[in-house]
Amino acid sequence: LTDNHIKFSDYTEADFETLSWNEHIRRRSGMYIGKLGDGSSPDDGIYVLFKEIVDNAIDEFIMGYGKNIKITLGDDNMVTVRDYGRGIPLGKLVDAVSKMNTGAKYGSSAFSKSVGLNGVGTKAVNATSSYFYIQSFRDGESAWAEFSKGDMTGSGNTATTEKNGTLVKYIADSTLYENYRYNLEYIETMLKNYSYLNTGLSLNFNGTEYKSKHGLLDLINDSLSETPLYEPIHLQGK
């Protein structure tokens with residue numbers, strides 16, 4: 001054998017390792033969220049996490065439930081998303097955010113239309129967040145679960161007077177997303193685009209509402225930097 005070859009005895013059963021679902025996401029985050037980044041680029045991981053949670057809320061709107069989504073970003077980098085859709089079935093709340101290959105979007109009629117179909121997004125947010133909290137409200141009952149880096153730290157059930165829907169709070173893990181900082185312009189652009197594509201949906205971000213009445217026509221008009229020669233032509237329906 002030359003120095004460029006490895007002896008068979010150097011490759012044994014001891015070289016194999018089985019990772020937990022959250023550790024696999026953390027070590028191979030590129031498979032799930034692309035690059036980590038510090039927030040200076042619109043395709044950095046922190047915006048992917050943000051999008052994954054908002055996408056779930058928009059799926060509820062697409063299915064005809066909940067016209068309002070409330071989103072906040074705190075000084076401590078905590079993102080909070082509250083939708084008023086159907087709420088995750090209480091008995092599946094923990095599985096939905098911490099068990100791979102688990103979801104209601106693989107073929108169920110509950111999500112005949114959906115932004116995300118892989119059942120991975122929320123798990124990636126959970127695994128790569130130093131703090132992750134989710135709570136579901138359904139017809140006077142509620143279930144909640146709390147995690148750190150994907151490991152559950154608490155859960156419970158309680159009665160509630162809250163409207164149906166789902167609440168998610170998380171803080172992206174600074175040991176993965178080093179020295180990260182959110183660029184509000186990237187988030188605002190994302191939310192504007194969501195509103196153009198989902199007429200009638202109201203997205204409230206830190207007190208500012210993003211809502212479009214005319215969809216793509218609003219996108220065109222808002223994007224014009226000069227007075228057009230004629231009004232944009234906008235066709236709807238067949």
*Which one of Ser212, Ser142, Ser195 is touching a strand residue (DSSP E or B) at 6+ places or on another chain (Cβ under 8 Å), small (Gly, Ala, Ser) and within 20 Å of Lys51 (Cα to Cα)?*
Ser195
*Out of segment 136-150, which residues are surrounded by fewer than 19 Cβ atoms within 10 Å (Cβ to Cβ) and farther than 10 Å from Thr160 by Cβ?*
Glu146, Ser148
*Can you spot a residue in segment 102-122 that is outside any helix (DSSP H, G or I) and modelled with pLDDT of 90 or more?*
no
*What tally of residues in segment 42-81 results from selecting those that are of a type outside the set (A, V, I, L, M) and either in a helix (DSSP H, G or I) or open to solvent by less than 10 Å² (accessible area, probe 1.4 Å) (or both)?*
11
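The values are calculated or read from the model by the stated rules, or taken from the named source; none is laboratory data. Small disclaimer: the values here were computed from a predicted structure and weren't measured. Note that we place each Cβ from the backbone using ideal geometry, even for glycine, and neighbour counts take in every protein chain shown. SASA here: full protein model, heavy atoms, side chains in, ligands and nucleic acids out. Shrake-Rupley method; radii C 1.70, N 1.55, O 1.52, S 1.80 Å.
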